[in-house]
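First the structure, in the form of structure tokens, and then the observations on it.
The values are calculated or read from the model by the stated rules, or taken from the named source; none is laboratory data. Remember, it's a predicted structure, so these values are computed and weren't measured experimentally. So basically every Cβ, Gly included, is an ideal-geometry build from the backbone, and we count neighbours across all protein chains shown.
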Amino acid sequence: MENILRPLIVIGGSVLLTLIIGWATDRLLRKADDRHSETPLWGLLRRARIPYQLVLCTALLRGSYHEADLLPEHRVAVGRVLTLVLIGATAWLAIRIAAAVVETTYTRYARAHHDAARVRRVRTQVSLIMRVVSAVVGVVAVAAMLLTFPAFRAAGASLLASAGILGIVAGVAAQSTLSNMFAGFQIAFGDMVRLGDTVVVDGEWGTVEEVTLTFLTVRTWDERRITMPVSYFTSKAFENWSRGGAQMTGTVYLHIDHSAPMDKMRDKLRDILRDCPAWDGRAFGLDVTDSTPSTMQVRALITAKDPDDLWTVRVTVREQLIRWLADEHPYALPRVNAADAALPPGFPASGRIPARRAFQHDHQPAARPDRP
């Protein structure tokens, strides 16, 4: 009877104590979250309750397993499994706590600073720091798990002796990966590209959606994702429309007839922009920039607070100007002129002069007076 009750008491007590401590800790975190609603720290720490309870339960079982006297012939194997689970759960808990602290710090920074460019820069740095922390914690946890095996501890000395050669070989083999990794750090702390920046790469316009140590993802306007190595942004030229502020100036080109009423078009452009919420009110203009035998090129200059609004203003101006010209001044639209050219003064108003008469008119001598 004792052989049955002792394992049940030890295992059941460990699980019950874990649930009680986990419930009490969760209640305390919930009250702290309600009391301090200005910071998301306590709410984020509640997400770590599963690894926290796993650490508690595994630690209690690991410490009381000898008292349970369960499977004594497999005591070493069970103890090693519990140790591996405890190491893994501790690493999981450490990553969750670090993520909560980093996210809270970023949230406070974003609330205190209203500069969107600086906030995106910090967001990019925070994301890369969390990835580095997760990778370091994972490597340390795996190393600690391997060290629980005596065979790995015995081989540690020989591994350290050949660490220099292995490092050189690994450096040569992973040259591309390492270059991308260092490029990722350069992007994060060099403020070249940030999350949310509007960029143009290889002729594709999009928004930076994800930045890692090795690759960067750009979401295009048509919701495609372009994944590129981060080394691209440190070795090639690209356009960053969010650098130095999101305000932009755009243009709309129209080809119209030479008889178009330019003053009325300027007044209409002003009216269109006043009714367009996407226009930021900084500047506008309408000028003739080029001329051809049949049309002239008109450029409308407009401004907006960011690339998305600029696109809206451009399409609105283009559409409404063309519609206004078609309704109010159809003669100002481009057309193919099939009529005869206007004749110089002195020619008959009835039309063209035949080629033979024109030749005679130009080359015959003066007519003599009529004979009687």
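Restricting attention to the range 256-277, which residues are within 15 Å of GLN297 (Cβ to Cβ) and part of a helix (DSSP H, G or I)?
MET262, MET265, listed by residue number.
Regarding VAL298, is this residue surrounded by fewer than 13 Cβ atoms within 10 Å (Cβ to Cβ) and at pLDDT 90 or above?
no
Restricting attention to the range 21-39, and to residues there that are small (Gly, Ala, Ser) and under 18 Å from VAL55 (Cα atoms), which single residue is farthest from the chain's Cα centre (by Cα)?
It comes out as ALA24.
Would you point out the residue of the range 48-68, among those that are surrounded by fewer than 20 Cβ atoms within 10 Å (Cβ to Cβ) and among the hydroxyl-bearing types (Ser, Thr, Tyr), that is modelled with the highest pLDDT?
SER64
Taking the range 235-275 on its own, how many of its residues are under 29 Å from VAL119 (Cβ atoms) and either of a type in the set (A, V, I, L, M) or surrounded by 17 or more Cβ atoms within 10 Å (Cβ to Cβ) (or both)?
Counting residues in the range 235-275 that are under 29 Å from VAL119 (Cβ atoms) and either of a type in the set (A, V, I, L, M) or surrounded by 17 or more Cβ atoms within 10 Å (Cβ to Cβ) (or both) gives 5.
Taking the condition of a type in the set (A, V, I, L, M), in contact with a helix residue (DSSP H, G or I) (Cβ under 6 Å, 6 or more places away or on another chain), outside the structural domain of GLU38 (by TED's automatic domain parsing) and touching a residue at least 40 places away in the same chain (Cβ under 8 Å), does VAL122 pass?
Spelling it out, it is not the case that VAL122 is of a type in the set (A, V, I, L, M), in contact with a helix residue (DSSP H, G or I) (Cβ under 6 Å, 6 or more places away or on another chain), outside the structural domain of GLU38 (by TED's automatic domain parsing) and touching a residue at least 40 places away in the same chain (Cβ under 8 Å).
Please find, among ASP287, ASP309, the residue that is surrounded by 15 or more Cβ atoms within 10 Å (Cβ to Cβ) and of a type in the set (Asp, Glu).
ASP309
Being part of a helix (DSSP H, G or I) and free of Cβ contacts under 8 Å to residues at least 40 places away in the same chain is true for just one of VAL218, VAL288, VAL315. Which residue is that?
VAL315
Take the conditions among the aliphatic types (A, V, I, L, M), more than 24 Å from THR207 (Cα to Cα), surrounded by 12 or more Cβ atoms within 10 Å (Cβ to Cβ) and modelled with pLDDT under 90 and apply them to LEU325. Does it pass?
Taking the combined requirement at face value, the residue does not satisfy it.
Which members of the range 197-222 meet the condition of being loosely packed, with under 15 Cβ neighbours inside 10 Å and within 12 Å of the chain's Cα centre (by Cα)?
Across the range 197-222, the qualifying residues are VAL200, GLU210, ARG219, THR220, TRP221.
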